[in-house]
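A.B. asks: Next up is a structure, given as structure tokens.
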Amino acid sequence: MSQDATFEDGGESPLRLMAEDAKDLEVISALVQDAVFPASEMSWRKSERRFALLLNRFRWEDRDRAEARGRPVERVQSMLVIDDALAVRSAGVVRGDADTILSLLSLSFAATEDGAGTLELTLAGDGAIALSVECINVTLQDVTRPYLAPSRKSPSHP
């Protein structure tokens, strides 16, 4: 895992993580829990073997500091990029309606004997996106500064 990106003006460093194995993927999965994104912000580029999502996630990595200040967890826009994707399938996802908002619950990986496998994005409402991948090659990078959601609420998790 690495965290090496910075904002151009030298401000607070945005999160940038790369996962190359199942343990790294668990960290990214925890950070994108409860992230939301419009169906229109999914992109599958078959020729580049790249699947990408622009999502709004809670900054779970800053949860303790937010709670100590009596504030809700901030949000940030992030890019989730999955490289080395050979195929993409979805179930329970309405792709034709750009206004559909999807909620990401978790990422998981089921390996085959050759190290390839299926990387699954589990969505709220029994939806899922399954990617056949050559290997785990996932990047999560913040692309905006943190902000408070208009509702000033964040999910509570044990």
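A.B. asks: Translational diffusion coefficient of the chain at 25 °C, 0.890 mPa s, Stokes-Einstein with Kirkwood Rh over Cα pairs, in µm²/s as a whole number.
C.D. replies: In µm²/s, the coefficient rounds to 151.
A.B. asks: Quick one: if the Förster radius is 35 Å, what FRET efficiency do VAL94 and ARG65 give, using the C-beta to C-beta distance and rounding to 0.05?
C.D. replies: 0.40
A.B. asks: Still on this structure: For helix 22-32, report the angle its Cα long axis makes with the longest principal axis of the Cα atoms of the chain; keep it between 0 and 90° and round to the nearest 10°.
C.D. replies: 50
A.B. asks: Please sort 79-87, 131-139 by packing, taking for each peptide the average over its residues of neighbouring beta carbons within 10 angstrom, highest first.
C.D. replies: The densest-packed peptide leads the list: 131-139, 79-87.
A.B. asks: Right, here's the next one. If every alpha-carbon in region 12-56 counts as one equal scatterer, what log10 I(q)/I(0) does Debye give at q = 0.17 1/Å?
C.D. replies: Listed by q, the Debye log ratios stand at -0.65.
A.B. asks: Right, another one. Using a probe of 1.4 angstrom, how much of the accessible area of the chain is carbon and sulfur, in percent?
C.D. replies: On the chain, the fraction of accessible area on carbon and sulfur atoms equals 47 percent.
A.B. asks: Follow-up. Residue farthest toward the positive end of the dipole of the chain, with Cβ of Lys/Arg at +1 and Asp/Glu at -1: which of LEU53, VAL138, ALA87?
C.D. replies: LEU53
A.B. asks: Residue by residue through region 107-118, what is 3J(HN,Hα) from phi via Karplus (6.51 cos²θ - 1.76 cosθ + 1.60, θ = phi - 60°)? Round to whole Hz and write x for glycine and proline.
C.D. replies: With the stated coefficients, region 107-118 comes to 10, 8, 9, 10, 7, 9, 4, 8, x, 6, x, 10 Hz.
The values are calculated or read from the model by the stated rules, or taken from the named source; none is laboratory data. Here the structure is a predicted model, which is why all the values come from computation and not from measurement. Every residue, glycine among them, receives a Cβ derived from its backbone with ideal geometry; neighbour counts consider all protein chains shown. For accessibility, only protein heavy atoms count, side chains too; no ligands or nucleic acids. Shrake-Rupley method; radii C 1.70, N 1.55, O 1.52, S 1.80 Å.
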